[in-house]
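Computed from the coordinates by the stated procedures, all read-outs in this text should not be read as laboratory data. Just so we're clear, the structure is a prediction, and the values are computed from it rather than from any experiment. Note: ideal-geometry Cβ built from the backbone for every residue, glycine included; neighbour counts use all protein chains shown.
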Amino acid sequence: GKDGYRHFMDKELHEHPVVIGQTLQRLIDPATRRVMLPDLPFDLAGLPRAAITACGSAFYAGLIGRYWLEGMAGLPVDIDVASELRYRDPPLTPGGLGLLISQSGETADTLAALRGMRARGQHILSVLNVEQSTMARESDVVLGTVAGPEISVASTKAFTAQLSVLACLTIAIGRARGTLTAAQEQDLVAELLDLPSRANEVFDQAPAIREMAAVVAEARDVLYLGRGSSFPVAMEGALKLKEVSYIHAEAYAAGEMKHGPISLIDSTVPIVATLPSGRLFEKTLSNLQEARARGGRLLVFTDTEGEARLRGLAEIVVALPTVSEFTAPVIQTIPVQMLAYEVALLKGTDVDQPRNLAKSVTVE
Ligand code: F6R
């Protein structure tokens, strides 16, 4: 049941902290605080590259995974949505890692892409929530997201569980390839283990998120901006908003704004930005200043460190707990999904069963 929540989406949003914790628990040894993957039928150190594919939200999780795998494990990554990948003829290096991500394990395009990757000599590792699924049966290894059943059509908690798995996989590959030292691994694991309590603090921001929702609910179009590993978070926010509130939203890499979408900006197109403090903060901030100068209304998800630097520029600021650059996309995902939910409530849509959508897309 809904445990007293109005919708499954709201209930599942509140399960983020627990789900992240449960998923990490499976992959981190509590005694040594090291990442422990199940036995693999291939050697992580010898992987030439990885090809990631998925659909929808799971694809955005994959984009964050690419950021981590390239940046922290030094592994070259190709990534595409499954519906495109299956009809491309990518020359994959034999012995590479085929990395599939799916909540249901039944998505037709992702399954077809899995089969195509196998035919091209890839080791198949799937990140799945439903462990008794078709994709599970056809994979060499399954890393489970321990999110429990996700009933709401819009995916929420599965996403942060997928990120938790991808983060651990990155650490394991980085260790195997020698890009991460034992000391670095300890630090990264500590950051991961800190996530459930940081994620809990996100709900304290519900009032500011509702304030944002009141602005977004009046709009016809919304622009989401992010940079680096926060860009896929912006994509996730835009998808979720479209899905449950039926408001048109588009996510752009913040630096691409001046190559086109800046012409859209006026006071009727709110800009939702995901902007954690860190290396890329100033870069994105200057994009936001450009948008503000053109009359754009800025609704910004940042952290307690970024908040002070944004005062005066943004109309509404959601100040999330400050975490490392590594785990920031996990924390940022929760409030952008909450925003979509709050807007849907204001619009009165059928939140758990948005029109035209099915939970599991088993046809092409
Ligand atoms: C978005 C959403 C969809 C799914 C996509 C993939 O909220 O739910 O975009 O993420 O259909 O589904 P799975 O993960 O089952 O392969």
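Against the main long axis of the alpha-carbon atoms of the chain, helix 328-347 sits at an angle near 50°. Rounded to the nearest 20 debye, the dipole size of the chain about its Cα centre is 360 debye, using +1 on the Cβ of Lys and Arg and -1 on the Cβ of Asp and Glu. How would you rank D39, D3, D10, going from fewest to most other Cβ atoms within 10 Å of each one's own Cβ? By the 10 Å Cβ count, ascending, the order reads D39, D3, D10. Between L192, A219, G178, the Cα set farthest toward the positive side of the dipole of the stretch 172-225 (charges on each charged residue's Cβ, about the Cα centre) is that of G178. Size check on the stretch 1-47: the Cα extents along the three principal axes, sorted descending, read 48, 26, 14 Å. For I28, nonlocal amide neighbours, meaning residues 5 or more places apart or on other chains whose placed amide H falls under 5 Å from its own, are M36. All C-alpha pair distances within the stretch 221-364, sorted into 5 Å bins from zero, spread as 2, 11, 20, 23, 20, 13, 8, 4, 1, 0 percent across the bins.
Using the Cβ of L111 as centre and a radius below 12 Å, the other residues enclosed give a net charge of 0, where K and R count +1 and D and E count -1.
Packing around the peptides 188-195, 110-117, 30-37, taken as the average count of other Cβ atoms within 10 Å per residue, puts them in this order, highest first: 110-117, 188-195, 30-37.
Taking Rh as the Kirkwood radius, which is the inverse of the mean 1/r over Cα pairs, what is the Rg/Rh value for the stretch 1-140?
Numbers: Rg = 16.2 Å, Rh = 16.3 Å.
Using Cα coordinates only, the ratio equals 1.00.
Here the ratio of the Cα radius of gyration of the chain to 2.2 N^0.38 Å is 0.95.
Expressed as a fraction of 2.2 N^0.38 Å, the C-alpha radius of gyration for the stretch 72-157 is 1.10.
Cβ crowding within 10 Å, taken as a proxy for footprinting-reagent exposure, orders F42, F59, F281 from fewest neighbours to most as F42, F281, F59.
Ordering L280, L143 by the number of other Cβ atoms within 10 Å of each residue's own Cβ, fewest first, gives L280, L143.
Which of the pairs K283/K347; K11/K283; K11/K347; K157/K347; K2/K240 have their Cα atoms more than 26 Å apart in this structure?
On the way: K283/K347 34 Å; K11/K283 36 Å; K11/K347 19 Å; K157/K347 23 Å; K2/K240 20 Å.
Among K283/K347; K11/K283; K11/K347; K157/K347; K2/K240, the Cα-Cα distance tops 26 Å for K283/K347; K11/K283.
Shown here is the pair-distance distribution of the stretch 128-206: with all Cα-Cα distances grouped in 5 Å bins from zero up to the longest one, the shares run 3, 13, 17, 20, 19, 14, 10, 4, 1 percent.
Translational diffusion coefficient, Stokes-Einstein: compute it for the stretch 122-263 using the Kirkwood radius over C-alpha pairs as Rh, at 25 °C and 0.890 mPa s, and state it as an integer in µm² s⁻¹.
Values: Rh = 18.0 Å.
Answer, rounded: 136 µm²/s.
By the Cα gyration tensor, the stretch 42-82 has an equivalent ellipsoid whose semi-axes, rounded to whole angstrom, run 19, 11, 7 from largest to smallest.
May I ask for the equivalent-ellipsoid semi-axes of the stretch 1-81, computed as the square root of five times each C-alpha gyration tensor eigenvalue and listed largest first in whole Å?
On the way: eigenvalues 175, 80, 21 Å².
For the stretch 1-81, the semi-axes come out at 30, 20, 10 Å.
Placing +1 on the Cβ of every Lys and Arg and -1 on the Cβ of every Asp and Glu, with no other charges, gives the stretch 1-139 a dipole of roughly 80 debye about its Cα centre.
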